[in-house]
Each structure stands twice: as structure tokens, then as C-alpha cells.
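Only one structure is covered here, and it is reproduced in the block below.
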Amino acid sequence: MASITIQGVLKHAEDFERMLSDYYAGIASHTAREGVRLLTDYMARHRIRLHEALSRLDPAEAAHLIATPLRFQPKAADCTCFEKIQLPEGAGAAEVLDAAVTLDDCLILLYRQVLVQDISPEIRDLFESLLRSEQRDQMELKKIKAMDYF
Amino acid sequence: MIYLIAIGVFAGLLLALAALIAVAERVLVNYGICNVDINAGERPLDVDGGQTLLSALYTNKLFIPSACGGKGSCGFCKVTVLEGGGPVLPTETPYLSRKEVRSGLRLACQVKIRQNIRIRVPDDMLNVKMFTASVAGTREVTHDIKEIRFALHDPPEISHRPGQYVQVQAPSPDGPVFRAYSISSPTYEKNEVELNVRLVPNGIGSTYLHNLKEGDPVTFTGPYGEFVLNEDPAVEIICVGGGCGMAPMKNIIYSLYSRWPDRQCWLFFGCRSARDVFYLQEFQALARKHPSFHVFYALSDPVGPQEQWDGEAGFIHLSVDKHLEAGVRRQAFLCGPPPMIEAVTRVLAEKGLRPQDIFYDKF
């Protein structure tokens, strides 16, 4: 079984968040639809949860905590999530929002993988908080879709 | 097969352990009666320890807004805990900014009362009531939005400010849940509450409300909301709504013109197509009566060959940008999806509105 530290998992998640942000920014810059541009531009600028969550860790403890080793191989940021998404040319807001919910699932899977490991309460708090943030994000995306404005 | 049995036994053990802990906590851990001090003695309560703060407040008819029934998934039930709340839980942190945590804000549904506790809630919250009412009438205003009017029974009158909302109790398989809806009826209508409800596929609240028939009983709590209309009639009022974000605007506009018939007010409303347009004729009639009222509706989708439209085209923030001059004293109220709110806020800031003059209701 491969081994990775908490820091490694967080780096994984951070890379994935950056990829998400770039992905939405890419759609925003290429779409001909103003609604999709507005929506993805917003989504690209609201993908920074890790920094906020990490800032809650006690700085004196943080270095020690993130060095904690785990015995599993993260799967979220290996790009297969993006392969699942095949947005057609000229995709509408509803399709983009469905894709965003699917992509959030990748991070949710990663955080759940950590939460079943033998981890300290501080690390558990951090990942539960990240998990909740993603779930909250998914709920917001579904609400935006239901409102059918874009 | 052996693996399945092993998994089954393991799961069974975990369940038994969880049940044992729950029973032990109930039997062995007795927190006794705890005091909840609200707003420095304004409303002290003695409650059974061990329950959540939200539940204790609700039992004592202090109705903090909550949409998820205390599951910690809506983030609505924020109160300031000054003492005795214990540490902030990871279930709360996604809903609280660092500034809010520093100021003592907590989710009432996640705070368990284990000792005396001191909290602070906005004064408005102490006046929130639970209403029983019945459906006085319904009207389809678009293909998916219904106007629903409730006749109030107990208490028979509501006192609210323009832009406030109520939380309607809807049944669900997991027990009753509350869903927030802005009041669309003006403040001078004391015996009725009117809502605009868009049907959300599989939505618990909207499905329940859309299925209501005249005479059906309903329960809701309210009014909630922090919007306070500027009392200076020289300050222009800007209302911007998108999608189905019309209800608070209708309330604000009609309430405003009942008090200040000459006050400058602008309504910008954006939707996708002509079939989503509602209340346009009513507002045009109001504008003829009050020339200081300006109405702009915009459609973001291209107008279809069968549709007739002589209003604005494009997203609503573009209309706001086009029609408002900079440098005028204004207060704005926005209602719509978060990206719309962000786009409109940016335009209003460019027109000189300060952040404290912009209120919004994101959904």
C-alpha cells in the first residue's frame, strides 16, 4: 500500500482546486454564451477552500500534523475526473453546473478517503470541514441550476 | 461469503457501540437544568441540558432561522455565543468566516447545552412568531412560479419590514423542514402574507407549496431579515432581481409608494425568456401612477420567433449599468443567484454605492 503524508494529500487537493479553477476560467474565456461566461468566471474565482481551512490549524501544531503519514493512494487529482466530463461545444449553464457537481465529487471522495484513516482529531476536524465545504458548494450549484437564470 | 459475514459482523458491532454510547449519554450524562442567558438578561431561559441550543430556543418559542431541521447543512442558525458554547465544531466551520468565529458566532444547531450559556441574538429575532394560516388563494404567474396568499389566523396580524422573509414548514420523509421565502405582499397588508414560489424539481418546500389548495392549513415562522429601508426620501431605492427573485422587490416597491408617492425608485428584473416574465403589467401601471418609478425588465436569451418583446436584452447587470448615473445617493436591494449578485454589486460599486448601502438575498 502506497504511503502519503497529510501534506501530500493537501497538495493533491490544492492541485485539483487549481485545475478546477483553470478549467472554469478556460470555459469562461472560450464560451460564446454570456450566461456561461458569467457563471464560470464566478466559479473560477470561488475555488479556494484549502487556504481558508488550513488557516484554522494551530500554526504551532500545523507542521507536525501535516507530516502525519497515511497508507493510501489518493485518487482524486489523477485527472480521470476531468476525463469523465465531456462538455459539448457550446454547452449551456445546466451542463456546466452538472459537470461542476461531478468534479466536486472527486474532492469529496478524496476527503472521505482521508476520514476513514487513523488520523488525529485536528486532522479529522480539518478534513470534515473541507468535506462540508464541498458538500455546501454542491448544494449551491444545484440551487443555481434550479433557478435557471443563466 | 466469509468477507460478507465479516463486514456484516463488523458493521453490527459498530452499530451496537454507537447505540450503547447514545444510551449511556442519555442515562449517565445528566447535565441537569442549564440557564440560557439571552441578550444580557433580556430573556433568561432554564432548559434541560444535553439538547442543542437551536432545539432549546425553538421549544421556548424563540425561532432562529433554520432550513435543514438542525442537520448543520444550511448555515442559517447563526447566533453569537459569548460563554459556555464549547469549541467550534468542524461541522460549523464551512459556514463561518474566521471573522465570525472570532466574534463568537456559532451554528445554534451544533452547540450542545452542557452548562449555563450566554448568547446574543438580534433584537428582531425576539419578535419572530410562529403563525398558523390557511391558503387564501393561488395564482400561476409564470409556467413555474405561483403566487400564494395565506390568510393569517393565529396570530391574526403580521408586522414586517419591506424585504423580510418567512420560513414555511413543509413535511418531508425525515420530519418537518423549514424553507425560506421572501414576503411579496406589502407591509400595509397585515392579515395576509403573499409569496412567489418557483417550482424546483424534487424541491421539498416548493413542491409542497405548489400542491396546496385554497383552505389548506399552513404553518410558518417570521418575519426574518436584516434589510432596513433608508427613511430619507431623498435616497433613491434600487431593486435588482433575477430568476424568481421578485418577491422582496414587490414588497419593497409597493410599501415604499404607500409612504413616499414621489420617491425615486428603480426596478431591474432579469430573466431568460418572455415566458419567465411576471408582474410587468402591474409595475407598468404603478409607474404610470408614480412617474418617479422606473421599470426595466431584461431577457438574457435571444427572443424567439413567436415571442414579442420590446424590453431590454442581455443580463440584468448590463441594464443597471446602462440606466443608472453615478454619484447619486442610493440604497440597493438585490435578490438572485450568487453570480448575478456579484455582477450587479460590481456595477453598483462603480456607480458609487458603498457596501453598506447594498443589501442582498442570495439563493
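The values are calculated or read from the model by the stated rules, or taken from the named source; none is laboratory data. Quantities reported herein were computed from a predicted structural model and do not represent experimental measurements. Methodologically, a virtual Cβ is constructed for each residue, glycine included, from the backbone with ideal geometry; neighbour enumeration extends over all protein chains shown. Areas reflect the complete protein model, heavy atoms only, side chains present, ligands, DNA and RNA absent. Shrake-Rupley method; radii C 1.70, N 1.55, O 1.52, S 1.80 Å.
Worth a mention:
- Accessible surface, per residue, of chain A when the full set of protein chains is kept, probe 1.4 Å, Å²: 50 Å²
- Cα-based radius of gyration of the stretch B:105-176 once divided by 2.2 N^0.38 Å, which approximates compact folds: 1.53
- The residues of the stretch A:89-137 listed by number as losing at least 40 Å² of accessible area in the complex, against the isolated chain and with a 1.4 Å probe, are A:132, A:136.
- Within the stretch B:236-362, the ratio Rg/Rh, alpha carbon atoms throughout and Rh by Kirkwood, equals 0.94.
- For the stretch B:31-121, the alpha carbon convex hull comes to 82 Å³ per residue, rounded to a whole number.
- Convex hull volume per residue, computed on the Cα atoms of the protein assembly as shown, equals 194 Å³.
- Each residue of the stretch A:101-108 was assigned a 3J(HN,Hα) from its phi angle through the Karplus curve 6.51 cos²θ - 1.76 cosθ + 1.60 (θ = phi - 60°); the sequence is 5, 5, 5, 4, 4, 5, 5, 4 Hz, with glycine and proline shown as x.
- Eigenvalues of the alpha-carbon gyration tensor of chain A, scaled by 5 and square-rooted, set the equivalent ellipsoid semi-axes at 31, 15, 13 angstrom, largest first.
- Residues in the stretch B:328-353 occluded by at least 40 Å² - accessible area, probe radius 1.4 Å, against chain by itself: B:337, B:338, B:339, B:342
- Relative contact order (%) - chain A, alpha-carbon pairs under 8 angstrom, separation at least six: 30 percent
- Positive dipole terminus of the protein assembly as shown, leading residue within B:287, A:8, B:199 (C-beta point charges): A:8
- Loss of accessible area when B meets A, both sides summed, Å² nearest 100, probe 1.4 Å: 2700 Å²
- Value of relative contact order over chain B, rounded to a whole percent, pairs C-alpha under 8 Å and six or more apart: 12 percent
- Listed residues A:42, A:111, A:24, most fluctuating in chain A (Gaussian network, C-alpha, under 10 Å): A:42
- By accessible area, using a 1.4 Å probe on protein heavy atoms only, the stretch B:31-121 has 50% of its surface on carbon and sulfur.
- Computed [θ] at 222 nm, deg cm²/dmol, chain B (DSSP H ≥ 4; -39,500 (n - 2.57); rounded to nearest 500): -7500 deg cm²/dmol
- Cα-based equivalent ellipsoid of chain B: semi-axis lengths in Å, sorted from largest, via gyration tensor: 41, 25, 21
- Note on residue B:213 and residue B:116: with the Förster distance fixed at 41 Å, the Cβ-Cβ geometry gives a FRET efficiency of about 0.30.
- Point-charge dipole on Cβ atoms (K/R +1, D/E -1) for chain A, about Cα centre, debye to 20: 100 debye
- Each principal axis of the stretch B:189-305 carries a Cα extent, and these read 44, 43, 25 Å when sorted largest first.
- Whole-percent carbon and sulfur share, accessible surface of the stretch B:128-224, 1.4 Å: 50 percent
- For chain B, built as a Gaussian network whose Cα springs stay under 10 Å, the top-fluctuating residue of B:230, B:60, B:202: B:202
- The 1.4 Å probe gives accessible areas that order B:260, B:309, largest first, as B:309, B:260.
- Cross-link partners of residue B:99 among lysines (Cα-Cα below 19 Å; sequence separation of 8 or more within a chain): B:78
- Fully extended contour minus Cα-Cα distance, from residue B:230 to residue B:132, at 0.36 nm per residue: 32.2 nm
- Other protein chain Cβ atoms within 10 Å, averaged over every residue that makes up B:91-101: 4
- Among B:49, B:85, B:12: highest mean-square fluctuation, GNM of chain B, C-alpha pairs under 10 Å: B:12
- Among the listed pairs B:129/B:190; B:190/B:250; A:145/B:71; B:129/B:213, those beyond 19 Å (Cα-Cα): A:145/B:71; B:129/B:213
- Dimensions in Å of the stretch B:151-229 - Rg and Dmax from alpha carbons: 12.8, 39
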